[in-house]
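The values are calculated or read from the model by the stated rules, or taken from the named source; none is laboratory data. Predicted, not measured: the structure shown is a model, and the values here were computed from it. Because the Cβ atoms are built from the backbone with ideal geometry, glycine has one as well, and the counts that use them run over all protein chains shown.
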Amino acid sequence: MDFLDTDASPRPGQRPRADEGVTALYAAHAVGLIRLAFVMLGNRGTAEDVVQDAFFGLYRNWDRLNDPANALTYLRSSVLNGCRAALRAQARGERRDRAAAARDSRPAFDSTEAAVLLSEEHQEVLAAVRTLADRQREALMLRYYLGLSTDEAAAVMGISAGTVKSAISRAITALGRTLKEES
Amino acid sequence: MNSVEGRVRAAMSAAVDLADREIRSAPPLRLPPAPAPGGRRPRAPRRWIRWAAPLTAAAVVVALAVSLVLIRDVQNGGPVTQGPATSTAPVGPAGPDGVPRYYVAISQQRGVVVGDSVAGTILAKVAPPTHKGYTTFFKSVTAAADDRTFVVLAETYPDSVIKSPAGIQKSAVTASWYELRLAPGTADPASLTLLPLPRMVTTGSDVGAEFATALSGSGRELAVSTVTAAGLAVKVYSVATGKLLHDWTTSDPSLSLTDSYTQGLNGQPSLTWIDGDRVLAVETASATQKSTSKNPFLGFGAKDVVRELTVAGPATGDLVADGKVVWDEQTWEYPTNLLQSCTGERGEMRLISADGTTVGCFAVTGPGTNPNLSFLTYPLETGPAVAAKATVEYGVTHMAQKGISTNQVMWISPSGDAIVGAWTTYAAGTLEDAANGLHIGVMSHGTFTPLRFPVGFDQEANVSTITW
């Protein structure tokens, strides 16, 4: 087996440098995180920017990360924060531009694939999810999109498991109201 | 579960499928230089270079008008638009381990680039045909065994749709195929001719259909697969006449466009002619139930299946019933062994040797945050014993240290004893690719023999589409 530069390996147990660690995490998780941000935002370019910013933030704060094993939780949390900021910026832009289509009439995804692959029902539900309060939307995404447990979602959101449960319950109630009104 | 929760779960499930289809790779990570102590923190770069991004897939376009334009081309025959050759090269021997010398790749400008991977030169750049009001993209390439005959899949869209994707729901895409003949060392090193195959126009629920194409070793037959709302279909056409020779279909929902996780067959070498062009190997990937296991956490599941279809059999048939399953691997989002790493999401490119014995792939595996990259071959067979039969053709340790961002397998020798693999690196701690960051070479039993490409080739062409 002729591996390259085998003598350049870190010693066992050695903490990887920031660029090494972040690059490896990127290789392992970037696609999944971009998918998460894409579903939350509906726009691939913005989703990629949010994820890039999250990894950039991890890179800057690498030395302050107590345990590299927590890096994925940190990244998920950063992506949620980035999506929240992007959605708010998007909402501000829509308010400024009266000529723009009303939020409810915007498609759930700025994507040609989405337009043809998602049924109207699914687009309607996902658009409604995007109008939820931040915490409710994020709890739903972590539980139902990523399939995290309540405890895992709580760790990502930095809140208690009980708060995650109540956020989901309220989200379902709010969605029921929104979807009923729309139908 | 109340009805609202059910609707949310169903919508999320659909979103998972959509995201899986739409986001298949990430752009290279760009890290800034390490900040000086006490210095200002650098700002995150806002946009990335998406060098390997496929042309906006999705559905789109074309109507009767463009079909008529294309039909006129068929009637006229002869070569169509071609760019000037950038250089000529002498006809020479094949590359190491028998890898064909000449290749074709999709360029970053919608056309194709023809090159010589022994001399490291570009022979020609060929633009797609032009029709007023329409835009054609070359999408994928397939090669015969003679190192001179290639077929390019073209997709044509109305300009109006390209500029305004919001209106695509009622539009269609027209797929057509061109033969690209190489004549290295001559004044006309590449000529393009529209093949007389029926164009495929996807409309209605089939918008978004995926195509894959495979030219037989002899160059006489072209296999085309389509994944539509109705299901998966594989057709074999005569290159010379366009006549439909074989037609297999299935309505198995796990293989359809809308009802499955199937990533589509576009851009994957999922059709392979084997056994002297007597058998067609069809590879599919479909969703399975998500794992409920917490330890280990496996995530989403998928089935990677290869079926063999015998061309000597009846002209029509059921793809699933007639297909002989020769590869059947359950994979997970978080793989637990090397084979799953190879066939799972991160190893989405798999190649089958022309003798039908071997699968080539790559895997990224531990340890931890600084994993290793392995280029592997496995016997093409079913059963749990396959997992223990990996041959590591080449490996690169400590991907993070080396700044490796993208990996792929691109060619496998007819007997499966060598593969061509590639990886790219960027200079650690910088925002730019390393000057010599593209590594493409023949890998066999632990050795790496580099192939030659011009500096900056990855800016010129989509590396993942290089076809020998």
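For first residues located in the stretch A:30-54 and outside the structural domain of A:Val129 (by TED's automatic domain parsing), partners that are among the aromatic types (Phe, Trp, Tyr) and crowded, with 24+ Cβ neighbours inside 10 Å and lie 6+ apart or on another chain with Cβ distances below 7 Å form the pairs A:Gly42/A:Phe109; A:Arg44/A:Phe38; A:Ala47/A:Phe38.
Note on the stretch B:362-386: residues that are in contact with a strand residue (DSSP E or B) (Cβ under 8 Å, 6 or more places away or on another chain) and at pLDDT 75 or above amount to 17. With respect to the stated conditions, B:Ser260 is among the polar types (S, T, N, Q) and either at pLDDT below 75 or under 23 Å from B:Pro198 (Cα atoms) (or both).
Hey, among A:Ser111, A:Ser78, A:Ser119, which residue is at pLDDT 70 or above and touching an Asp or Glu at 6+ places or on another chain (Cβ under 8 Å)? Give the derivation first.
Numbers: A:Ser111 fails: at pLDDT 70 or above; A:Ser119 fails: touching an Asp or Glu at 6+ places or on another chain (Cβ under 8 Å).
Step by step, each of A:Ser111, A:Ser78, A:Ser119 is checked, and only A:Ser78 is at pLDDT 70 or above and touching an Asp or Glu at 6+ places or on another chain (Cβ under 8 Å).
Within 21 Å of B:Ala15 (Cα to Cα) and either of a type in the set (S, T, N, Q) or away from every other protein chain (no Cβ under 12 Å) (or both): does that describe A:Ala30? Step through it out loud before you land on a result.
On the way: within 21 Å of B:Ala15 (Cα to Cα): yes; either of a type in the set (S, T, N, Q) or away from every other protein chain (no Cβ under 12 Å) (or both): no.
No; evaluated as a whole, the condition is false for this residue.
Within the stretch B:1-23, the set of residues being in a loop (DSSP other than H, G, I, E, B), more than 7 Å from chain A (Cβ to nearest Cβ) and closer than 13 Å to A:Phe38 by Cα is empty.
When the residues of the stretch B:393-409 are narrowed to those that are without any contact (Cβ under 8 Å) to a residue 60 or more places away in the chain and within 24 Å of B:Pro100 (Cβ to Cβ), which ends up nearest to the other protein chains (Cβ to nearest Cβ)? Taking the candidates together, the pick is B:Tyr394.
Among the residues making up the stretch B:110-122, those that are under 14 Å from B:Phe457 (Cβ atoms) and assigned to a loop (DSSP other than H, G, I, E, B) are B:Ser117, B:Ala119, B:Gly120.
When the stretch B:423-452 is filtered for residues that are within 19 Å of the chain's Cα centre (by Cα), at pLDDT 90 or above and farther than 24 Å from B:Ile274 by Cα, the ones remaining, listed by number, are B:His439, B:Ile440.
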